[in-house]
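Before any comments, here is the structure.
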Amino acid sequence: MFYRLKTLFTAATIMLCAVLPMSVTAYAAKYEAKIFDLDDSLTYEQETELAELLSEAAELADCNLGVVIADDILGMYPDEYTADMLNTTFGDDSSSIMLLLCNDFDAEYHYDWIEMDGDAADKYFNELGTILGDVYIGLDKNGYAGAVESFCGYFGAASENNTEETPDKTGWQTELQDLDDMLSDKEEQELLAYMDITAQDIECHIGVVITDDLKGMGDSEYADNFADESFGYGSDNIVLLFCNDHIHYDWISAYGKATDMYEPLIDDIFDRVYDGLDSGGGNNYYSAIQYFCSYLRDNKTTASSGNYDDYYSDNNYYYEDDEGFSIGSLLIPAGISIAIAAIVVSSTTSGYTKKKPVSARSYMDSNRTKYTTRSDVFLRETTTHVRISSSSSGGGGGSRGGGGGRSRSGRSGGGGRRR
Amino acid sequence: MEMQTVTYQCPHCGAALEFDSTLGGFRCFFCDSTFNEEQIKQNFKENEELKLDKADPKELTEEQKQTEEFTGASALYTCPNCAAGVICGELDASVRCHFCHTPVILTGRLSGEYKPDLIIPFGMTKEMAHQAFQEYTKGKFLLPNGFKENAKVVDISALYVPYWLKSGITKARVEASCKKIRTWRVGDVRYTNTKYYNSVREAELAFIRVPCDGSKRIDDSLMESIEPFNYSGIKPFSMSYLSGCAAEKYDVSLNEAENRIDKRIRDAAEEVLKADIAAQSYSSVSVTSTNVDFRQKTAVYALLPVWFLNYQYNGKDYPFVMNGQTGSRFGILPVSKLKSFLFGAAVFLVSLIICGGFTWLFLS
């Protein structure tokens, strides 16, 4: 009896050992997620939490995800380094995405890079620009941890520690930041409610910021940054900046359809805003913001197609020009056409008066040509980049410039005024 | 002080024999007898054996010395056919009697240092030259109206042009700065990666008979525009080929001609080595230094066939030349200013439509 029980127990144990790993395997993650913090930019706790978040994001994205933060890319191109990391970590031809945050600033080229492979490339390649934009927003907000969180967030994984709400992509949002303490709490709440109504009415995000410190940025740059951080890169929004440092301009920036609606009216908007500001003895920011919102609601249908070509400046204000018809856009094709016509006529008529002499190569015996030296010596290499204004498409990576705002793709515009 | 002359007369009827390019041999246009080169050499042995080498100055008589000096200027000769006394130009080596049109070869102009080493006989006839000119003007839409009706051919002549042909081996070295450029785009950022290289090529290059015409009065660029000649048809010089065609002796010395030839060879060597560098898929190649040394070099003097056709239009003379062996041709043509302007306006309008449309579609 005892012998039979022992045999039964042994058999059960063996079966369990055989099945258990399979079930563990069955319940294990389908996709891998790896973080390589080679630069020690993350704490241990951050790395652990982010690894879990990345794992969750990998499942949501249906591919392997990897992040490498490196301060030495071993003399390789960033894209080569990232591809190498991807293949080494996840294997060749796997459905994988690897993000490189490159801190190797001693290298000639140190741009960040996203490498994709397999099905992940087919699915996400066209979103590269958007993914990288999100990563940079996270980086600005919360450093490398924020960058990785935003990377995961793109694929739908949310961090528990992220108390800031991600921009609600379904409703029109508002953001009011009184960094110069010009408004009371009650005024702020009332204004937020009014801004909210206005935002729903005009169907654009609205932001207002009052500050006396642009943190080293220019006025338009600060306003653009504020809009990106508050509402997300590439959203329809209008932002009013009150700059109280007496050096920079107050600024209104608009993006997307807000550009069509309000950019031609920026001067009028400022008139209205300053009417409010000057009322009640001056520095009346409460009225200024109210007047701002009411103007937006009253003029939302005053949309021009953007065909204006005013560009002038005086001591008080200037417009940033938008694209549209101008004399320049006719002169350039005319100039090119004249040059083409001159070249064609000149080359045709030269055939009537002279002929290119036959080269002495015709008399060379190529069978007796003997090369004694053939050398090509590599000297050096440079990589430059330039921002272009067309809308973003899929790409591989980006470069973090030292400071400065990011110019936006698509239609954007703005204007400023100095009080 | 008469110049010694030679003629080739038909052994059957005594009329002048001329080289017929269609036949590739010699024809008597009076009795229609034909002779090949071997027969000419046989029948005119004394002409072929005529000593054309430069004589020792110590052995010349006074009269001969004067004749030698006179050879360098205009010369008087007596036509062996009609006995007329005719003065010919200072460079003429083969002429026709102005009176009876008998081809006469002036041996004094072909002797000594002026004795040619090689000759390419004519392969193109007068009719072919005329036809070539007509074809050349076809399709030239900038010619003035009425050109074809009003252009008059004033003169058409076959001429053996004196050429210096230089062969040799050169050692050439070319150094160049090269770039490989790669661009790619990420979102709204365009990246450009540039790699810089220093390339060197050294080679031994062999050039065979690079020509330069030995006549000052003939435009070098005109002659170069109807090259190359096919040297498979080149033969040792024989005076018989000159019968019926004009010929000139050179007045550009070998030293003078070598400067031009050497420049052509230098340019060609640089071209060859630069092309070898560019074959490495560089985005740009910029030559920084070129060095060409001439090693073994030889030069020969040859007479090469060219058809000259001069025509008049609106009181102005225009030249047209054709390679007498290969038919390669070139001529200077008048250009109508009105037609040039209208052509330019049409190109301008078409370009404006395309550029304007592009600007409107993609940049607005």
Inset, instruction - Could you list all residues from the range A:220-254 that are modelled with pLDDT under 85 and among the hydroxyl-bearing types (Ser, Thr, Tyr)? - result: A:SER220, A:TYR233, A:SER235, A:TYR249
Inset, instruction - Please verify whether the range B:122-132 includes one or more residues that are out of contact with any Cys (no Cβ under 7 Å at 6 or more places or on another chain) and closer than 30 Å to B:THR298 by Cβ. - result: yes
Legend entry - Residue list for the range B:140-161, restricted to those being within 14 Å of another protein chain (Cβ to nearest Cβ) and either touching a Cys at 6+ places or on another chain (Cβ under 9 Å) or more than 20 Å from B:LYS126 (Cβ to Cβ) (or both): B:LYS140, B:PHE141, B:LEU142, B:LEU143, B:PRO144, B:PHE147
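Each row is one residue, and each column tells you yes or no for (1) at pLDDT 55 or above; (2) part of a strand (DSSP E or B).
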{"residue": "A:SER350", "(1), (2)": "yes, no"}
{"residue": "A:SER362", "(1), (2)": "yes, no"}
{"residue": "A:ASN367", "(1), (2)": "yes, no"}
{"residue": "A:LEU379", "(1), (2)": "yes, yes"}
{"residue": "A:THR382", "(1), (2)": "yes, yes"}
{"residue": "A:GLY405", "(1), (2)": "no, no"}
Inset, instruction - Could you tell me whether A:ILE266 is crowded, with 18+ Cβ neighbours inside 10 Å, β-branched (Val, Ile, Thr) and modelled with pLDDT of 90 or more? - result: no
Legend entry - Some residue of the range B:164-182 being away from every other protein chain (no Cβ under 11 Å) and surrounded by 17 or more Cβ atoms within 10 Å (Cβ to Cβ): yes
Inset, instruction - Report yes if B:TYR250 is in contact (Cβ under 8 Å) with a residue 24 or more places away in the chain, assigned by TED's automatic domain parsing to the domain that holds B:LYS140 and touching a Pro at 6+ places or on another chain (Cβ under 9 Å), otherwise no. - result: yes
Legend entry - Failed item in (1) under 22 Å from A:ILE131 (Cα atoms); (2) among the hydroxyl-bearing types (Ser, Thr, Tyr); (3) more than 25 Å from the chain's Cα centre (by Cα), with A:SER184 passing the rest: (1)
Inset, instruction - Taking only the range A:208-250 into account, find how many residues are of a type in the set (Gly, Ala, Ser), in contact with a Lys or Arg (Cβ under 9 Å, 6 or more places away or on another chain) and in contact (Cβ under 8 Å) with a residue 40 or more places away in the chain. - result: 3
Legend entry - Matching option when the condition is part of a strand (DSSP E or B), surrounded by fewer than 17 Cβ atoms within 10 Å (Cβ to Cβ) and in contact (Cβ under 8 Å) with a residue 12 or more places away in the chain, among B:SER199, B:SER157: B:SER157
Legend entry - Lone unmet requirement of (1) small (Gly, Ala, Ser); (2) buried (at least 20 other Cβ atoms within 10 Å of the Cβ); (3) modelled with pLDDT under 85 for A:GLY280: (2)
Legend entry - Lone qualifier among A:LEU132, A:LEU100 - being surrounded by 21 or more Cβ atoms within 10 Å (Cβ to Cβ), touching a Phe, Trp or Tyr at 6+ places or on another chain (Cβ under 6 Å) and not small (Gly, Ala, Ser): A:LEU100
Legend entry - Only listed residue being at the interface with chain B (Cβ under 7 Å from one of its Cβ atoms), at pLDDT below 90, closer than 30 Å to B:ARG209 by Cα and surrounded by 14 or more Cβ atoms within 10 Å (Cβ to Cβ), chosen from A:PRO357, A:PRO333: A:PRO357
Inset, instruction - For the range A:34-45, state whether one or more residues are without any contact (Cβ under 8 Å) to a residue 24 or more places away in the chain, among the β-branched types (Val, Ile, Thr) and assigned to a helix (DSSP H, G or I). - result: no
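Identify, please: which residue in the range B:307-323 is surrounded by fewer than 19 Cβ atoms within 10 Å (Cβ to Cβ) and among the aromatic types (Phe, Trp, Tyr) and is, among those, nearest to the other protein chains (Cβ to nearest Cβ)? Before you say what the answer is, go through the steps one by one.
Keep residues of the range B:307-323 that are surrounded by fewer than 19 Cβ atoms within 10 Å (Cβ to Cβ), which gives B:310, B:312-319.
Next cut, among the aromatic types (Phe, Trp, Tyr) only: B:313, B:318.
On the way: B:TYR313: 12, B:TYR318: 10 Å.
Residue satisfying both the conditions and the ranking: B:TYR318.
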Inset, instruction - Look through the range B:324-364, keep the residues that are more than 7 Å from chain A (Cβ to nearest Cβ) and hydroxyl-bearing (Ser, Thr, Tyr), and return whichever of them is farthest from the chain's Cα centre (by Cα). - result: B:SER336
Legend entry - Qualifying residue in the range A:102-110 (condition: within 14 Å of chain B (Cβ to nearest Cβ), closer than 27 Å to A:ASN142 by Cα, assigned to a strand (DSSP E or B) and in contact with a Gly (Cβ under 6 Å, 6 or more places away or on another chain)): no
Legend entry - Among the candidates A:SER279, A:SER253, residue that is without any contact (Cβ under 8 Å) to a residue 40 or more places away in the chain and among the hydroxyl-bearing types (Ser, Thr, Tyr): A:SER279
Inset, instruction - Evaluate the range B:142-161: report whether one residue or more is more than 30 Å from B:TYR8 (Cα to Cα) and basic (Lys, Arg). - result: yes
Inset, instruction - Of the numbered conditions (1) in the same structural domain as B:ILE261 (by TED's automatic domain parsing); (2) in a strand (DSSP E or B), B:ILE105 fails exactly one; give the number of that condition. - result: (1)
Legend entry - Of all residues making up the range B:213-237, the number that are closer than 28 Å to A:THR372 by Cβ and more than 7 Å from chain A (Cβ to nearest Cβ): 1
Inset, instruction - With the condition kept exactly as written, say whether any residue in the range B:167-187 is hydrophobic (A, V, I, L, M, F, W, C) and within 30 Å of B:TYR301 (Cβ to Cβ). - result: yes
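A quick yes/no check of all residues on (1) more than 16 Å from A:GLU229 (Cα to Cα); (2) not in a helix (DSSP H, G or I):
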{"residue": "A:ASP93", "(1), (2)": "yes, yes"}
{"residue": "A:LEU100", "(1), (2)": "yes, yes"}
{"residue": "A:ALA121", "(1), (2)": "yes, no"}
{"residue": "A:VAL135", "(1), (2)": "no, no"}
{"residue": "A:GLY138", "(1), (2)": "no, no"}
{"residue": "A:LYS141", "(1), (2)": "no, no"}
{"residue": "A:GLU149", "(1), (2)": "no, no"}
Inset, instruction - Spot the failing condition for B:ALA206; the list is (1) under 25 Å from B:GLU113 (Cβ atoms); (2) within 12 Å of chain A (Cβ to nearest Cβ); (3) part of a strand (DSSP E or B), and only one is missed. - result: (1)
Inset, instruction - Within the range B:186-193, identify whether any single residue is within 20 Å of B:ALA275 (Cα to Cα), within 7 Å of chain A (Cβ to nearest Cβ) and aromatic (Phe, Trp, Tyr), and answer yes or no. - result: no
Legend entry - Yes/no for B:ALA268 being touching a Lys or Arg at 6+ places or on another chain (Cβ under 7 Å) and surrounded by 21 or more Cβ atoms within 10 Å (Cβ to Cβ): yes
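The values are calculated or read from the model by the stated rules, or taken from the named source; none is laboratory data. As the structure is a prediction and not an experimental result, all values here were calculated from the model. Here the Cβ is made from the backbone with ideal geometry for all residues, glycine too, and neighbour counts use every protein chain on show.
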